[in-house]
Each structure stands twice: as C-alpha cells, then as structure tokens.
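> The structure is given below, and queries will be raised subsequently.
The values are calculated or read from the model by the stated rules, or taken from the named source; none is laboratory data. Here the structure is a predicted model, which is why all the values come from computation and not from measurement. Positions of Cβ are backbone-derived with ideal geometry, glycine not excepted, and every protein chain shown enters the neighbour counts.
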Amino acid sequence: MRGPDFKKTLIFLFVLLLASQSSASETLQVLMGEKKLGIPLLSIAGCQYLPLDQVNKVTGGRCQNLSGNRIQVLIGSIPFILKDGSARVIWGKEGKTFSFPPLFLNSGWAIPFDLFSFFLQRKFGDRVWWDKEGRCVRVGQVDYSIRHLRHGSYTDHTRVVLELVRPLVYTWREEKDRVCLRLERGFLPPTIKEIPVRDGMVTGIKIRQGPDFGELELFGLSPNREVKIFALKSPDRVVVDLYKRGGEADKKELHSPASEEKGEVPAAAPQGSKVRLVIDPGHGGKDSGAVGPSGLKEKDVVLDIGLRLRDLVEKTLGMEVIMTRTDDTFIPLRDRATIANTAKGDFFVSIHANASLHGRAEGFETFFLSHEASDSEARESAIRENEVIDLEGLNRRSAENLKIILWDMAQNEYINQSSRLAEIIQNELDKIQKVENRGIKTAPFYVLMGAAMPAVLVEVAFINNPEGERSLSAEAYRQSLCEALFQAISEFKGYFEKEMGMLDGQDRADQGRALEKVKN
Amino acid sequence: MTDKIERTKDGHLKKSRIKSIVLLILVGILSMVLLYQFRKPVSSRPGLQPSGLIPPSLEQKRSVRLFFSSPTEDALQEEVREIKLAGAIDQEARVAVMELIKGPRSDLLSTLPAGTQLRQLYIDGRGIAYVDFSAELRDRHPGGSNAELLAVYSIVDTLAYNFEQIKRVQILVDGSEIDTLAGHVDLRRPLKPRIDIYGAS
C-alpha cells in the first residue's frame, strides 16, 4: 500500500476513528434578512464541521462530484475544488489551506468551520457579521450603510472617524458635555461597538440605532473645546475633530481639515493606539535550538533576524514592537505568550530555523495553530491562562459555557487571520529564496497556543544542512530574510487594520461587555 | 440473557472472533500447503502424519504499521512488521513502541533518538495512551520543528493507527508530563493522530 491507496486507507481509518466521537449537538443560526436557517454543527475531533448541503442553502453553492474523491462547489462564478481529507481548497490558480480537511461522511460532505466562514466572505464580502450576542451569523440583505468607527488621540486633538459605505446626510448638535452626530439612513453594523476613549478630551463614544438613522454620541467632553465636523471622500467618511481651545488649537486652524486628513493612510493607527507586533526569536540561553553541522546555533541566528526586524519595523512602519527576548537568555515557552498577552500585542511572529532528520532538507515554511487548540482540554487551559473575559455575576456553569463559546469564536477569528499572515509571509519569503517553498502548515505548537492574537511560527530556513547553515551565517542573507518578513508584516498590518473594523478585532479586549449584554 | 452477555462482553467476543478468523485463515493456508505437498510422491515424506496439522512452534502474530521518517522527504512512511499476538492491547502497544524505538529495517529513518527506552505504557478508559520514555527522548533530540513533529507523530500515529482503542496519546518523560521535546510541539496534553504529515496533499 503506497501513495493514494495508503492515504485513502489512513483517511478511512481516521474517519472511522472520528465517527465514534462525532455528534450533532449544536445548531448555528444564520440570518439572511428575514429568513432564518439553522445549520447543525458536527463536532468531529474537536473541530466544528457543517454539512455542505446546508451551507449551500446559505451561499447558493452548487455541487458537482469529481473523480478522486473530490467535489466542486460553485459559488457565484468561482468553482472551488474540495478533496476528501485534504485541508487545501483550490480554485483556478489559487488555493488556501484550512485548519481541517473537508470530509466525505456517510451523510454527505462536511466542511470545517473556517471554510464555511471563508465561503461566506467570498459570497457576501462585507455583508457578513458574526453576531456574538445573538450567537448567529447575519449575511446578505441587511444594508449597513456605516462601515467602521475609529478614533485617535493626538497631543492637541482627538479625532473620531465614521467610515461610510456611501455618502450620508448628517446633522449634529452640541450640548454642555456632549456632541451628537446623526446620520440619516445610517445603519450601524453589530461590529461597531461603544468605545471608551478617556483621553482627557472625550470620555467615550456611544452609538444608537434609530429606525432610519444612526447616532453617535461623544460624551464627557471637556468644556474647553472646539468641535469641527466635516465629510470626506474615498472612502466616504464623516470626521469629528475636538481641539483644546486656545494653545494648540489656534495653530491647527491654519491647516485645512482636508489636507490634514489626506496625510492619513486609510484607517492608519494614530498615536496611542499603534499596532503592536510581538517578535519571538525562538529558543535562547541553555536552549540552543537546532545546530548546524559546523556549529551555528539556531538561537543566535533567529535573535539576529528578530532584532534586525524590530529595528526595521519600528523605524519604517511606526509600529510598537515587543520582543520576547533581546539577548541570549532562556525564556520558558509559557512566558512568551504571557509577554505577548500582557503587552496586548496585535499579532505574534515567532522566528525559528528548522532541522530535518536526514540533514538534507531545504526550504522555508510557516505554521499556525491547528484546531487542536479548541480541543476541550486545551481550550480550558487556554482560557485559564488568558482570562480574556470578565465574567462577574454569571453562575459558574453558564460562565464556563460562555467563555468557551467566546474563546472558540475568538480562536476562529485568530485562526483565519493567522492563516492569512502565514500566507503573506510565505509569499514574501518566496520572492527572495531560491530553495523550496514548503507552504503553510498547522501544528499544535506550544508558543502559539497561549497567544490571544493571530500568531505564526516561521521556519526561515534549514540550519542543519551545510548549504543552509552557510547561507544563514551570512549577514546579507539574514538581512534579506528580515526584509522579506518586514514586507509581510507591512502588508498584514494594512489588512489587519482594515479587518479590525470589519470583524470583531477591536472588541477582543471588550468581550466582557459583550457578555454583559448576554447577561441582561 | 444471551443478549446481555453479548453486550457486556462485546470487546472480548470481537477479539475472539478476530482470533478465530485469523486461525481459520492459518488453517486454510496450512492445509493448502499440505495438500500441495501430498501431491508429491508419498515416499519422499515418510514421517508425515495427516493429523495434528498445527505444529506448536507456529505462533500467532499480527502485523503492525510502524511510522518512520521518509529518507528523502520530511514525512512519515509506514513499515509493516509482525509482532506476537499477546492478547492484551497494552502489551501489544508496548511491543509496537519498542519496535519503533529499534528503528526501521528498510531504508526509512529512525525518528527517535538513539538510547531512548520505553519505561511504561498504559491506556485509560477514555482511550488515552500514556507512553513514558526515558530522558533520552528529549535530551538527545536533535532539535528543529520538523524533526520534532516527526518524532512526536511517529509515536502517536503508530499507536492510534494500530490499536483502535487508542484515540489519543500523551507522551511522558521519566514519568512526568513535559512541555515539549525540543521547544515546539505542545506535549502538555494528549495528541490526536494526524493525517496530514504524510507529505503534501
């Protein structure tokens, strides 16, 4: 038994093994405008699967069986090819690896949760919302005309920006300590939440959805203020600027609002809320990591790349960089995630150099966490370790359940973003490397397990083959690896900032409040 | 009444059924061999007795699939090996792991460091196999995430794919839980077998 036969048998055994554990227990509610659809969730090996025929009812997908245990799912005009037992889904010349493979079960095809989420986004684009409070997915018809709310605190002013899908008519009124901005035909998506600002200028931002308008209330304003409200194009947005009266404000008036806004990259992170990158150079101290044939140590190579990357990112991207180590010290794995979580990192890149058993392997690959992280046991300990959620006042049992649901949802989101980051890194490394692109992979890596943020582990090269060791010992090569990683981080930063608004990015830290609502 | 016995002793019944099937096949093969021999002139086989077909030296064996590293790729590949049928699953699982430690007989590569010893193996009621190794498994590991993934999953998959009672595998060193072998794969919890470590799909 070799090749496909062998694999088929393995998959068969695997499915058999899983079949005993699988059970249809929960239902995912999908709201399509007025229509409501319940999709049964199958829990197979700790991963949540959905029956493909039910998914098709949401996405309008049409199926056609192909040879070799494959199936084509036509969504819109794009044919996606799924293969039984293979986590890679292919369409045209593109492909994407998901956390778990689609499976052909007795009852038909089942697809993993993240593939479902991907299909939804292909089909509905921006019109998909994960409604945590309602525990359902909203797709399609609902026309949210407001896209995103962001704010930035600067030394002399606070800016609040409401991004719109199209231009909207707005009015505003100013009271003693508040400003209310009303947008006619403004519909707020559930992803826009109230934000605490507390920067001395504004205490916080409240939102309100009226029957045919959306309202934004900036409250707790300093009486000593000057308010400027104006609309801008591409993208359509309404900007509220609050200046301290006197002092700096007078100077600022010299700038026209438009020119000032122009200098801003869309959704750029203003001071005070810089995107935070955590760089984790692998191993260190007594742990040398892998060692090359002439003695080059992984710990030294990856520290050098990590430090170079930090300098480049800080200097050029204006991001805040947190290093898990900056010298040759031993940092236990459990402390690395803690460092990242305590610093409230936005994403995590662990840098490693690989070693193979036969000492001849070449190439580079990037790992992200497999779905094993949402295994009950792993999940429980991840929740314990992170305590992302504040659960005051709930009874223990429902608190546990809610923790698990929210952790799962957060993990699902992190897994999507991690896989994206991994893909970007592989693409960038591919541009500068002559050796094999080994692709993106999943693995239950310790250091990725506890990080409450998108996290990847990149193996930049193999250190235990003579050629790889020679390359890694050259400064120019390490610099080029660092530049490729820098390009990837730069690209992901843009994607991440956009995603923060579209999905549940920024309320990660605010899950306590989401629970507050569930409770009431 | 019979129903009840069937249900409670399900495992044993199945086992004995498998045994009897294996036995039947063996008997079949043997009798065919004997039949073939009988066609030869009888004079050349003076001592043959037609009764007592199974000689006592013929032990009952089963084959296990051991997972080693491919010599060229970073992937696991199986090697089939015969082990004695012991009756007790944990005993057979122990033998399978010891064969894994001995290394491959073909051109495949060993995944576990030389000097590694199996200290203990037991299976709990939830289908988790706890496999306790000597410290060499961790201390002599060459490092690198690929080498580590192969070491870990050669153990996990060898156990999970050969013994259907084993659903997950927890690797221990010197009787204690460990974080990792070489700084990557999380071993704090039992692991499930993987189907995607067998080369690219």
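> Of the residues that make up the stretch B:18-41, is at least one touching a Gly at 6+ places or on another chain (Cβ under 9 Å) and at pLDDT below 65?
Looking through the stretch B:18-41, none of the residues is touching a Gly at 6+ places or on another chain (Cβ under 9 Å) and at pLDDT below 65.
> Still on this structure, I have one more. Every residue in the stretch B:83-99 that is assigned to a helix (DSSP H, G or I) and of a type outside the set (A, V, I, L, M), please.
Keep residues of the stretch B:83-99 that are assigned to a helix (DSSP H, G or I), which gives B:89-99.
Within the stretch B:83-99, B:Asp90, B:Gln91, B:Glu92, B:Arg94, B:Glu99 qualify.
> If you don't mind, another one. For B:Arg194, state whether it is more than 8 Å from every other protein chain (Cβ to nearest Cβ), modelled with pLDDT under 95, outside any helix (DSSP H, G or I) and under 25 Å from A:Phe368 (Cβ atoms).
Spelling it out, B:Arg194 is indeed more than 8 Å from every other protein chain (Cβ to nearest Cβ), modelled with pLDDT under 95, outside any helix (DSSP H, G or I) and under 25 Å from A:Phe368 (Cβ atoms).
> Return the only residue of B:Ile166, B:Ile155 being within 30 Å of A:Ile331 (Cβ to Cβ) and either in a loop (DSSP other than H, G, I, E, B) or more than 10 Å from chain A (Cβ to nearest Cβ) (or both).
Answer to the check: B:Ile155.
> Here's something else I'd like to know. Scan the stretch B:58-82 residue by residue and report those that are under 10 Å from the mean Cα position of the chain (by Cα) and either in contact (Cβ under 8 Å) with a residue 60 or more places away in the chain or part of a loop (DSSP other than H, G, I, E, B) (or both).
Across the stretch B:58-82, the qualifying residues are B:Val64, B:Arg65, B:Leu66, B:Phe67.
> Test A:Arg308 against the stated conditions and say whether it is away from chain B (no Cβ under 11 Å) and either outside any helix (DSSP H, G or I) or farther than 22 Å from A:Ser471 by Cβ (or both).
Against the criterion (away from chain B (no Cβ under 11 Å) and either outside any helix (DSSP H, G or I) or farther than 22 Å from A:Ser471 by Cβ (or both)), A:Arg308 does not qualify.
> Could you please give the count of residues in the stretch A:33-56 that are surrounded by fewer than 17 Cβ atoms within 10 Å (Cβ to Cβ), in contact with a Gly (Cβ under 8 Å, 6 or more places away or on another chain) and within 20 Å of A:Leu82 (Cβ to Cβ)?
So the count comes out to 1.
> A further question on this structure: Spot the failing condition for B:Asn146; the list is (1) more than 8 Å from chain A (Cβ to nearest Cβ); (2) touching a strand residue (DSSP E or B) at 6+ places or on another chain (Cβ under 7 Å); (3) part of a helix (DSSP H, G or I), and only one is missed.
(1)
> Here is a list of conditions, (1) within 28 Å of the chain's Cα centre (by Cα); (2) surrounded by fewer than 17 Cβ atoms within 10 Å (Cβ to Cβ), and A:Arg178 meets all of them except one; can you say which number that is?
That leaves (1) as the condition not met.
Conditions tested, residue by residue: (1) of a type in the set (Asp, Glu); (2) in contact with a helix residue (DSSP H, G or I) (Cβ under 9 Å, 6 or more places away or on another chain); (3) surrounded by fewer than 17 Cβ atoms within 10 Å (Cβ to Cβ).
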| residue | (1), (2), (3) |
| --- | --- |
| A:Ala290 | no, yes, no |
| A:Ser294 | no, yes, yes |
| A:Asp304 | yes, yes, no |
| A:Glu320 | yes, yes, no |
| A:Arg325 | no, yes, no |
| A:Pro332 | no, no, yes |
| A:Asp346 | yes, yes, no |
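> Looking at this structure, is B:Ser154 in contact (Cβ under 8 Å) with a residue 24 or more places away in the chain, buried (at least 20 other Cβ atoms within 10 Å of the Cβ) and of a type in the set (S, T, N, Q)?
Spelling it out, B:Ser154 is indeed in contact (Cβ under 8 Å) with a residue 24 or more places away in the chain, buried (at least 20 other Cβ atoms within 10 Å of the Cβ) and of a type in the set (S, T, N, Q).
> Could you count how many residues in the stretch B:63-99 are among the basic types (Lys, Arg), surrounded by 17 or more Cβ atoms within 10 Å (Cβ to Cβ) and away from chain A (no Cβ under 14 Å)?
2
> Now for a separate question. Residues of the stretch A:82-115 being more than 23 Å from A:Ala45 (Cα to Cα) and either part of a strand (DSSP E or B) or of a type in the set (Asp, Glu) (or both), which ones?
A:Ile90, A:Trp91, A:Glu94, A:Gly95
Rundown of residues vs (1) over 29 Å from A:Gly439 (Cβ atoms); (2) away from chain A (no Cβ under 12 Å); (3) not in a strand (DSSP E or B), yes/no style:
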site	(1), (2), (3)
B:Ile101	yes, yes, yes
B:Pro104	no, no, yes
B:Thr111	no, no, yes
B:Gly115	yes, yes, yes
B:Tyr122	yes, yes, no
B:Arg126	yes, no, yes
B:Ala129	yes, yes, no
B:His141	no, no, yes
B:Tyr161	no, no, yes
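> Just to be sure before I move on: is A:Glu436 within 11 Å of chain B (Cβ to nearest Cβ), touching a residue at least 12 places away in the same chain (Cβ under 8 Å) and surrounded by fewer than 20 Cβ atoms within 10 Å (Cβ to Cβ) in the structure I sent?
yes
> Quick check: is even one residue across the stretch B:162-176 surrounded by fewer than 17 Cβ atoms within 10 Å (Cβ to Cβ) and among the hydroxyl-bearing types (Ser, Thr, Tyr)?
yes
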